[in-house]
Amino acid sequence: MACVVVWQLATSPQTEAKNRQGFLIKLSGRQMKHKKPVTHPVAGLWNFLSLLKILEHHSLGDLLLMRDELVSASPLLAQLMEDN
């Protein structure tokens, strides 16, 4: 079913669909060349659905607290977050 949703975004002529597709590509973590056509970001859709599920169970404050705890446990994580 995820493939169908991503395919519908890829074939839609609407500008909003292209914006959503770009959003899903960012969530997928794929690095792409600007000159190449967009691929179908199924991984980005799964990441987005996972994120929505997490937000159903945790407040933003909870997530920021977890981030701070992880950063204090691993300075490398802080560096990775600065790079992104």
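Which whole-Hz ³J(HN,Hα) couplings does segment 18-28 yield from phi under the Karplus relation 6.51 cos²θ - 1.76 cosθ + 1.60, θ = phi - 60°, glycine and proline marked x?
For segment 18-28, the Karplus-derived couplings read 5, 5, 5, 5, x, 4, 5, 5, 4, 5, 6 Hz, x marking Gly and Pro.
For segment 44-52, in order, what is each residue's ³J(HN,Hα) by Karplus, 6.51 cos²θ - 1.76 cosθ + 1.60 with θ = phi - 60°, in whole Hz (x at glycine and Pro)?
In residue order, the calculated couplings are x, 5, 4, 5, 5, 5, 5, 4, 4 Hz.
Rank these for me by crowding, 54, 25, going from fewest to most other beta carbons within 10 Å.
54, 25
Can you put 15, 39 in order of Cβ neighbours within 10 angstrom, beginning with the fewest?
15, 39
Would you please give the residues with an amide H less than 5 Å from that of residue 40, counting only those at least 5 places away or on a separate chain, with H modeled from the backbone geometry?
When sequence neighbours closer than 5 places are left aside, there are no close amide H contacts.
Sequence neighbours fewer than 8 away in the same chain don't count; with that in mind, list the aspartates and glutamates whose C-alpha is under 16 Å from residue 53.
62
Distance between the C-alpha centers of segment 2-29 and segment 42-73? Whole Å please.
Taking the Cα centre of each part, segment 2-29 and segment 42-73 sit 22 Å apart.
All of the numbers you see were taken from the coordinates with simple rules; none came from a lab. Since the structure is predicted, the reported quantities are computational estimates derived from the model, not experimental observations. Note that we place each Cβ from the backbone using ideal geometry, even for glycine, and neighbour counts take in every protein chain shown.
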